[in-house]
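Peer 1: The following block contains the structure, expressed as structure tokens.
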Amino acid sequence: MIASPAHRTHTRRFAWAALIAAGALTLSGCVTVNVPPKADSGSGSGGRGPAGTHGGTHSPGPKMHPHGDSDFPAAGIPTSVRWPSDWLEGFASESQGVRGTIVSIDLDYERGQWIWEVTSRDPGEGNTHPTRGFEADLAADTLEVLSSREVQLDSEEQAQVAIGIAEAARISGETSPSPRLTELALDEDRGVLVWEANLVDTETWAETELTIDAQTGEVLRREAD
């Protein structure tokens, strides 16, 4: 029986297809194609691994809330952070982090730790260096000295005032549980020596700035965000 042209054509196509498939299988056994893995934007340097194994994604850091020049965790200020109105009185004579009159305090959150940054005068004997100051980072809960350094004082920080920083903290109105005093610094406003205070509502993060006359204790200005 003689095959028809259509049948012969179909047979040839089938043979060619079988030949190509066999060649592909042969090549696949000896050729390796290296395909780089897709980058995972959420993975760490060790790469993403199966659940429960090392080399997984980085854990996200705490959400932060902008506050002045710093960022505070959105979870809020822990109750273990000491209140300035409680510890400022007599602190200058009790801590190695202070060498004289305290002229500013500032609450910061650095490297996962709450810190009180305290600046004081360090004039030396006989007040021979009025511009010399001393700055210390204190653990905000224990007031332990973590680090310290000498600094240069501004002219207002060298001035003598009637209202000290402990009294200014009381005048600011900080009270538990809110508002919290997070910053208090001797400054000058329109030629008047003042204490600039910053208070934070511990529930809403609303900030209030106070300007207190450093000679009379009068609250000159109150600004709320």
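Read-outs throughout are calculated quantities, based only on the coordinates presented, and are distinct from any laboratory measurement. Fair warning: this is a prediction, and the values are worked out from it, not measured in the lab. Please note: Cβ atoms are built from the backbone with ideal geometry, for glycine as well, and neighbour counts cover all protein chains shown.
Peer 1: If amide H atoms are built 1.01 Å from N in the plane of the peptide, which residues on other chains or at least 5 residues away come under 5 Å of the amide H of Glu188?
Peer 2: Sorted by chain and number, the residues that satisfy this are Val194.
Peer 1: Report the label-to-label distance for Ala224 and Ser178 in nanometres (one decimal), using points 7 Å from each Cα along the Cα→Cβ vector.
Peer 2: 1.2 nm
Peer 1: Here's a follow-up. Counting other C-beta atoms within 10 Å, which of Thr131, Thr204 has the fewest, and how do the rest follow?
Peer 2: Numbers: Thr131 14, Thr204 10.
Going from least to most buried by this count: Thr204, Thr131.
Peer 1: From the backbone phi of the range 201-210, what are the Karplus-calculated ³J(HN,Hα) couplings (6.51 cos²θ - 1.76 cosθ + 1.60, θ = phi - 60°) in whole Hz, Gly and Pro given as x?
Peer 2: Listing the rounded values in order: 6, 6, 9, 9, 6, 5, 10, 10, 10, 10 Hz.
Peer 1: Per-residue counts of other Cβ atoms within 10 Å, averaged by peptide: what ranking do you get for 137-144, 162-169, 102-109, highest first?
Peer 2: Ranked from most to least packed, the peptides come out as 102-109, 162-169, 137-144.
Peer 1: Another one. Between Thr216 and Asp141, what FRET efficiency comes out of the Förster formula 1/(1 + (r/R0)^6) with R0 = 35 Å and r the beta carbon distance, rounded to 0.05?
Peer 2: Between Asp141 and Thr216 the formula returns 0.55.
Peer 1: Report the extension gain between Trp205 and Ala74 in nm, rounded to one decimal, defined as 0.36 nm multiplied by the number of residues separating them, less their alpha carbon distance.
Peer 2: 46.3 nm
Peer 1: Label the range 93-173 by shape, choosing from rounded, prolate and oblate, from the square roots a ≥ b ≥ c of the eigenvalues of the Cα gyration tensor; if a/c is under 1.5 it is rounded, and otherwise prolate applies when a/b is larger than b/c, oblate when it is not.
Peer 2: Working: a/c = 2.00, a/b = 1.32, b/c = 1.52.
Since a/c reaches 1.5 but b/c is at least a/b, the shape of the range 93-173 is classed as oblate.
Peer 1: Something else now. Within 9 Å, Cβ to Cβ, of Glu156, how many net charges do the neighbouring residues add up to if Lys/Arg are +1 and Asp/Glu are -1?
Peer 2: Here the charged neighbours net out to -4.
Peer 1: With a/c under 1.5 counting as rounded, go ahead and sort the range 64-224 into rounded, prolate or oblate using the C-alpha gyration tensor (a ≥ b ≥ c being the square roots of the eigenvalues; past the cut-off, prolate if a/b is larger than b/c, else oblate).
Peer 2: Verdict is oblate for the range 64-224.
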